[in-house]
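The values are calculated or read from the model by the stated rules, or taken from the named source; none is laboratory data. Bear in mind that the values here come from a model prediction, so they are computed numbers and not experimental data. Every residue, glycine as well, gets a Cβ built from its backbone with ideal geometry; the counts of neighbours run over all protein chains shown. Just the protein is used for accessible areas: all its heavy atoms, side chains included, with ligands, DNA and RNA removed. Shrake-Rupley method; radii C 1.70, N 1.55, O 1.52, S 1.80 Å.
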Amino acid sequence: MTLIKSISGIRGTIGGKPGQGLNPDDIVKYTAAFGKWISGKRGKSKVILGRDARVTGERISMLVEGTLTAMGIDVIDLGLATTPTVEIAVTGEKADGGIILTASHNPAQWNALKLLNASGEFISASDGQLILDLAEKGNYSYAGFESAGKVTRKEGYPDIHIDMILSLPEVNTEQIRKREFTVVIDCVNSVGGLVLPDLLKKLGVKNVIELYTEPTGLFPHNPEPLPSNLADLSDAVVRNKADVGFVVDPDVDRLAIVSEDGTCFNEEYTLVACADYILSGKKGNTVSNMSSSRALKEVSHKYGCEWYPSAVGEVNVVRRMKDTAAVIGGEGNGGIIYPPLHYGRDALVGIALFLSLLAERGKPCSVLRASYPEYIISKNRIELREGDDPDKILSFLEEKFRHDVVSTEDGLLIEKDKGWIHIRKSNTEPVLRIYSEGKTIKESEGLAREIIKIVKI
């Protein structure tokens, strides 16, 4: 059993003893700490709650509701809802924060409490550490019966979310309708099935073919939207002569695309394509994390715009986007952040922007993909032995590659003639993660092997 406590939330597998998995004791403990943090902001507090379709979600939701209301906090429960929908509801309801019950791309035995601030954004590192400290010290208390919070069930936010997307001037529903697209979707039997069909219909898509859209929480395949997990979608796209296929993860903040020929567009290029579309009509900066493809940098420069790297993690991307007034940003895992909508990864707005691009360019999806700079990312890791100090290893590498190091904000970012290498220590495992990118798989893996060889000496 696993319980991972980090500044971005609490996630773990279900079952086992307290402290060894995401179990009732742990859920109450960390929810109460979050409630204490929320309550310190002002008097009567209000929290938005939503969950993906995991089979454990409903009972965890009851524990979260009971804990928050026992602390005198009102709860607005959206029920089954995407992560970006919950984020939008926090600001829409002028709430003090939000909790999303989702383990994102993790398998069904996992669940998590993801924590939002009053802006509908993931909490900062400092606030996350404060909440962890409150939980460990048990520094919270419950209200008397006369001060208990109340629960309000609220429907309608998926429609509000979709309407906000349709109102964006960049979303070209008229052109999409004229193209009479056939689109296949894979929603992994989670909350995407509740919103994607409606979104596509309102966008003007002629024919939507649905795979796994029943929100049972019983994932038909590994829910992470990687090429190795998209065989059913690829087959359905080719069999139905569809223009494009979309797959989302269980909480709908990541988007991957399959071209009309059944090939994977590559989730690293979801952001690249959407940025291409936005920058073609609106000049501005772009941001992605250091471990994302530099294809975004090339596309940005094509339009005379600047690309800025951030540390890994959505909260870090958002902060860099605000600092640089970026017009679009995100992560290479298929996460699109479009500020005119909200500062959060959102697969729904990604679908709307991508279909607008596809309609405008009038080219098959595979031809569009071939028009972008070709890069290959290699992802490796080094298992640390007992006694290994990851900070000392990073310091050693920083000195060895001192002429090539361009950032130490998040581990080491090294730029070389044939590509880049990003080395960072894991927050959850005794490993060093190594991401490298080159024009070919040989180049990207060669860059990684160079680092691995040095560390293992």
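A helix-only calculation puts the chain at -11500 deg cm²/dmol for mean residue ellipticity at 222 nm, using -39500 (n - 2.57) for each DSSP H run of at least four residues, averaged over all residues.
Between the alpha-carbon centres of segment 62-127 and segment 278-333 there is a gap of 26 Å.
For segment 441-453, putting each phi into the Karplus relation 6.51 cos²θ - 1.76 cosθ + 1.60 with θ = phi - 60° gives couplings of 5, 5, 5, 5, 6, x, 4, 5, 4, 4, 5, 4, 4 Hz, in residue order, rounded to whole numbers and with x for Gly and Pro. Measuring nothing but protein heavy atoms, the accessible surface of the chain at 1.4 Å probe radius is 49 percent carbon and sulfur.
The solvent-accessible area of Glu399, taken with every protein chain present and a 1.4 Å probe, is close to 100 Å².
When the Cα positions of Ile185, Ile414, Leu255 are compared along the charge dipole of the chain, Ile414 comes out farthest toward the positive end, with charges on each C-beta of Lys, Arg, Asp and Glu.
Share of antiparallel DSSP beta bridges in the chain, in percent to the nearest 5? Taking every DSSP beta bridge within the chain, about 60 percent pair in antiparallel fashion. Computed over the alpha carbons of segment 260-313, Rg followed by Dmax gives 11.7, 35 Å. Each 10 Å bin from 0 upward holds the following percent of the Cα-Cα pairs of the chain: 4, 20, 30, 27, 15, 4, 0.
Per residue, segment 30-75 exposes 32 Å² of solvent-accessible protein surface, assessed with a 1.4 angstrom probe and all protein chains in place. Using the average count of surrounding beta-carbon atoms within 10 Å as a protection proxy, the listed peptides 371-377, 147-153, 331-337, 409-415 rank, highest first, as 331-337, 409-415, 371-377, 147-153. Taking amide H as placed 1.01 Å from N in the peptide plane, the amide H of Asn172 sits under 5 Å from that of Ser356, each at least 5 places away or on another chain. Peptides 211-220, 92-101 ordered by packing proxy, namely the average of other Cβ atoms within 10 Å per residue, highest first: 92-101, 211-220. 3J(HN,Hα) couplings calculated from phi for segment 120-134 with the Karplus curve 6.51 cos²θ - 1.76 cosθ + 1.60 (θ = phi - 60°) are, in sequence order, x, 10, 4, 5, 6, 4, 5, 5, x, 5, 4, 5, 4, 5, 4 Hz; Gly and Pro show x. Segment 221-275 and segment 392-457 have Cα centres spaced 29 Å apart. Largest first, the residues Trp110, Trp420 sort by 1.4 Å accessible area into Trp110, Trp420. Residues whose amide H comes within less than 5 Å of that of Ser407, counting only those at least five positions distant or on another chain, are Leu413 (H built at 1.01 Å from N in the peptide plane).
Accessible area per residue for segment 188-342 is 32 Å², calculated with a 1.4 Å probe on protein heavy atoms, without ligands, DNA or RNA. Taken one residue at a time, the phi angles of segment 251-265 give Karplus couplings (6.51, -1.76, 1.60, θ = phi - 60°) of 10, 6, 10, 10, 10, 10, 10, 10, 6, 4, 8, x, 7, 7, 5 Hz. Gly and Pro are set to x.
Once the other residues with Cβ under 11 Å from the Cβ of Ala256 are scored (Lys, Arg +1; Asp, Glu -1), what is the net sum? That works out to -4. Over segment 324-403, how many percent of alpha carbon pairs lie in each 10 Å bin up to the one with the longest distance? Answer for segment 324-403: a P(r) of 13, 26, 26, 19, 14, 1 percent.
Each peptide in 346-353, 275-282 receives the mean, over its residues, of other Cβ atoms within 10 Å, and ordering these scores from highest gives 346-353, 275-282. For Val431, nonlocal amide neighbours, meaning residues 5 or more places apart or on other chains whose placed amide H falls under 5 Å from its own, are Leu384, Ser426.
Each principal axis of the Cα cloud of segment 345-449 was taken in turn, and the coordinate range along them, longest first, works out to 56, 30, 21 Å. Based on every Cα atom in segment 1-110, Rg and the maximum pairwise Cα distance Dmax equal 13.3, 39 Å. When a/c is below 1.5 the answer is rounded, else prolate if a/b is larger than b/c, else oblate, so apply that to segment 188-279 with a ≥ b ≥ c taken from the square roots of the Cα gyration tensor eigenvalues. Here segment 188-279 falls in the rounded category.
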